[in-house]
Amino acid sequence: MTGENQSSGVQWRDGIVPVSTRFDDPYFSLGNGLAETRHVFLAGNDLPARFTPGFRIAELGFGTGLNLMATLIAHQSQPGPLHYTSFEAFPLPAADIARALDAFPEARAVADPFLDAWALGARRFDLGAISVEVIIADARTALPDWRGQADAWFLDGFSPAKNPELWGEPLMAEVARHTAPGGTFATYTAAGFVRRGLDAAGFAVERRPGHGHKRHMSVGVLRPPISALPEAPREAT
């Protein structure tokens, strides 16, 4: 691992993979990060099949914007608009993001409008039919005040073992509170305390095969509130 560019909180593994010096964790898979994004966050939320005009995605952990680029590619032939909101406490500079995306030519090929806006300091911008807002704040304090809702969540913080504060039950409860009826989540982690927290928050949680060498990942759908469930038929008397 090289030590250059530590001022931005990043070291570069093999000159390609950005690793957070704050959490000692890579920003994306050491294998094919774009393939993992598609497997975990897109397929895990049954996307793009669920895309409809006005669909809303929310994300914990913007990182290099790789999930956004994968969404942009997946949405190119879909009806718009789509709304994408991400929460990021430690934003990377545009130069580091561009260097990271260079590892994925397909994502890098559509990234220039995003990188141009990011370099100018824009945190709200449009990418074709996708309206993007990146909220620069700790999600634990910002999400409770967010007035939006999501149809699908990308839960993509650093490893729960190294960044547990982004996976705690109070935050997972806020994720559920900001999920539309029938909304979903997907995440690369299958850590027990994360799955229990999401279950307690109101999601029906399922463990699925992960990407590459990762054995498992987690997905879920928001359960309807008890009051919304149909009443059981009464027995005849």
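The values are calculated or read from the model by the stated rules, or taken from the named source; none is laboratory data. Because the structure is a prediction, the values reported are computed rather than measured. Ideal geometry is used to build each Cβ from the backbone, glycine not excepted, and the neighbour counts take in all protein chains shown. Remember, those area values only see protein heavy atoms, side chains included, never the ligands or the DNA or RNA. Shrake-Rupley method; radii C 1.70, N 1.55, O 1.52, S 1.80 Å.
Okay, here's what the table says:
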quantity: Ser77 accessible area, assembled protein chains, probe 1.4 Å, Å²; calculated: 100 Å²
quantity: Net charge of Cβ neighbours under 15 Å - reference Gly168; Lys, Arg +1; Asp, Glu -1; calculated: 0
quantity: Surface accessible to a 1.4 Å probe, Asp116 within the full protein complex, Å²; calculated: 100 Å²
quantity: Under 11 Å, Cβ to Cβ, from Thr85 - net charge with Lys/Arg +1 and Asp/Glu -1; calculated: +1
quantity: Surrounding net charge for Asp199, when Lys and Arg each add one and Asp and Glu each subtract one, Cβ distance under 12 Å; calculated: +2
quantity: Dipole-positive endmost among Ile97, Val17, Val40 within the stretch 1-138 (Cβ charges, Cα centre); calculated: Val40
quantity: Probe 1.4 Å, accessible area per residue of the stretch 22-137, Å²; calculated: 39 Å²
quantity: Value at 222 nm in deg cm²/dmol, rounded to 500, when DSSP H runs of n ≥ 4 in the chain each add -39,500 (n - 2.57); calculated: -6000 deg cm²/dmol
quantity: Relative contact order of the stretch 14-135, defined on C-alpha pairs under 8 angstrom at six or more residues apart (%); calculated: 25 percent
quantity: Tensor-based shape of the stretch 57-194 (alpha-carbon gyration tensor, a/c under 1.5 rounded, otherwise prolate or oblate); calculated: prolate
quantity: Label corresponding to Rg/Rh (Cα atoms, Kirkwood Rh) when calculated from the structure given, among [x] 0.99; [y] 1.03; [z] 0.97; calculated: [x]
quantity: Percent carbon-and-sulfur accessible area, the chain, ignoring ligands, DNA and RNA, probe 1.4 Å; calculated: 52 percent
quantity: Whether the stretch 30-89 is rounded, prolate or oblate, judged on the alpha carbon gyration tensor where a/c under 1.5 counts as rounded; calculated: oblate
quantity: The stretch 123-227 shape via C-alpha gyration tensor axes, a/c threshold 1.5; calculated: rounded
quantity: Selection from Val221, Gly192, Ile135 lying farthest towards where the dipole of the stretch 117-233 points positive, charges on Cβ; calculated: Gly192
quantity: Probe 1.4 Å, protein heavy atoms only - accessible area per residue of the stretch 140-201 in square angstrom; calculated: 42 Å²
quantity: By accessible area with a 1.4 Å probe, ligands and nucleic acids excluded, highest first: order of Arg50, Arg124; calculated: Arg124, Arg50
quantity: Computed accessible area, Thr85, all protein chains, 1.4 angstrom probe, square angstrom; calculated: 20 Å²
quantity: The chain - percent relative contact order, Cα under 8 Å, separation 6 or more; calculated: 18 percent
quantity: Degrees between helix 66-75 axis and first principal axis of the chain (Cα, 0 to 90, nearest 10); calculated: 60 degrees
quantity: Contour minus Cα-Cα distance for Asp126 and Gln149 (0.36 nm per residue); calculated: 6.4 nm
quantity: Acute angle (nearest 10 degrees) that the helix 192-201 long axis makes with the longest principal axis of the chain, alpha-carbon atoms; calculated: 50 degrees
quantity: For Phe203, residues with placed amide H under 5 Å, excluding near neighbours; calculated: Arg223
